[in-house]
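All remarks here apply to the structure that follows.
The values are calculated or read from the model by the stated rules, or taken from the named source; none is laboratory data. A quick note: this is a predicted structure, and the numbers were derived from the prediction, not measured. Reconstructed Cβ throughout: ideal geometry from the backbone, glycine too, with neighbour counts over all protein chains shown. Accessible surface areas use protein heavy atoms only, side chains included; no ligands, DNA or RNA. Shrake-Rupley method; radii C 1.70, N 1.55, O 1.52, S 1.80 Å.
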Amino acid sequence: MMLIPPRVPNRREDGLLHFDLLPPLSLYVHIPWCVKKCPYCDFYSHAISSAVPEERYLTALEQDLEASLPLIKGRQVSTVFIGGGTPSLLSGDAINKLLVILRNKLLLTPDVEITLEANPGTFDDDKIKAYREAGVNRLSIGIQSFNQKHLDILGRIHDVNQAKRAVEIAMTHFDNVNLDLMYALPHQTKDDLDADLTMAISYDPAHLSLYQLTIEQNTYFAFNPPDLPDEDTVADMQDMIEMMTATAGYEHYEVSAYAKPGRACRHNINYWLFGDYLGIGSGAHSKITVDGKVIRQTRFEQPPTYMLEAGKGRAVDEEFTLSHEDLGFEFMLNALRLTKGFYPEMFEERTALPLDSIRPYLKQAEKRGLLYRDPTIIRPTEKGMLFLNDLQQIFLPDE
């Protein structure tokens, strides 16, 4: 992964933020519907039993985007991520219309990365081919496991054969494919994980996202806790992942992300390096640097409400400005996920705050062996990656 080179630091003037250079800008498009809600999922999504209202939703997305343009006037968009939910519920024609809207409304860079998330249970060869022809150039497939027992436990709508077929179809039409897998699953053994990883690596995808199953609040698993592997087994699984991915030529560049050379997800890197992103769609979130401040927005969550309000030019449900203290914490919360860390100058560039504002926290993290820093780099140590939550919490602003 290539880090962005240092630039001239920003300054604070009279309590306002002064940015010498605005951060890169990404676009996130949220598709809120799924066939069914998975028991571990705390992402914003709704199970839908009828057809997705494609035309109405596309109209709302266009209205939402149009109302948001003053916030990003004149700025180029370098990555687009169509996530959910299950975006692959949409037809190829709908994705084509969406990308036409984006091209007409936005300044997309010539090499824009356009990712779409897909569920193996919701697409076929014709649909994936149509996505590629529409302009999607990166496909992320939610495999989760190649083991039927674990797919059943996770409540996935696809089976093992569909998972394998999905990867084969994707690799036919795309040269930039990500496979999502989960580990530390209920009753999963190290041999089970070995088999899953071996199968995934055999397809030689450009990118692997390997997530440890965690029990999130307000999910089915939170109310009905499954029997998960113990800590020692999970640690052994993580060691296995490191060994197998490295042997296969993948770089571990972010907590859960592994990429072949030059294939790291640019959209997600922009998140981790505290870049800007405009989020449109039901329940979408934004982080935008504008008029000397950094704002966060949340769109209305319920699709009917979102579509109604977008039609009135007011899809944003909540908006607030990040305090100077929160800016420092949020930068570190994100950037510390990157195994190679960040240039010290980038903290000042992206927050317009002096690095001295977090120096006591940096020293504390160093003293605990969780952080390494020198004049050229700040990064988590190996111990810091293992205890990332502890490291991030050091940077919480004092009450």
### Task
Report the antiparallel proportion of the DSSP beta bridges in the chain as a percent, rounded to a multiple of 5.
45 percent
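Expressed as a whole percentage, what fraction of the accessible surface of region 30-184 belongs to carbon and sulfur atoms when a 1.4 Å probe is rolled over the protein heavy atoms? Before the final figure, lay out each step's value.
On the way: 2940 of 6070 Å².
Answer for region 30-184: carbon and sulfur cover 48 percent of the accessible area.
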### Task
With a 1.4 Å probe and every protein chain left in place, tell me how much accessible area Glu117 has, in Å² to the nearest 10.
50 Å²
### Message
Probe radius 1.4 Å, ligands and nucleic acids left out: which of Arg56, Arg266, Arg368, Arg156 has the largest accessible area, and how do the rest follow?
### Response
Arg56, Arg368, Arg266, Arg156
### Message
Order Leu185, Leu308 by their accessible area, 1.4 angstrom probe, all chains in place, largest first.
### Response
Leu308, Leu185
### Asp152 accessible area, 1.4 Å probe, all protein chains in place, Å² to nearest 10
100 Å²
### Task
Give, in whole angstrom and from largest to smallest, the semi-axes √(5λ) of the equivalent ellipsoid of region 78-165, with λ running over the eigenvalues of the Cα gyration tensor.
28, 12, 10
### Query
How big is the chain by Rg and Dmax over its Cα atoms, in Å?
21.1, 62
### Glu251 long-range amide H proximity, modeled H, under 5 Å
Ala259, Lys260
#### Entry: Dmax and Rg, reported as Rg then Dmax, of region 178-308 (C-alpha, Å)
18.5, 54
### Task
Pop out the carbon and sulfur fraction of the accessible area of region 197-344 as a percent, whole number, probe 1.4 Å.
49 percent
### Query
Which loop-located GluC sites (Glu not before Pro) does region 129-227 contain, where loop means any DSSP state but H, G, I, E or B and the Cβ has at most 12 other Cβ atoms within 10 Å?
Glu216
### Summary
Heavy-atom accessible area per residue of region 99-139, all protein chains kept, 1.4 Å probe, expressed in Å², is 42 Å²
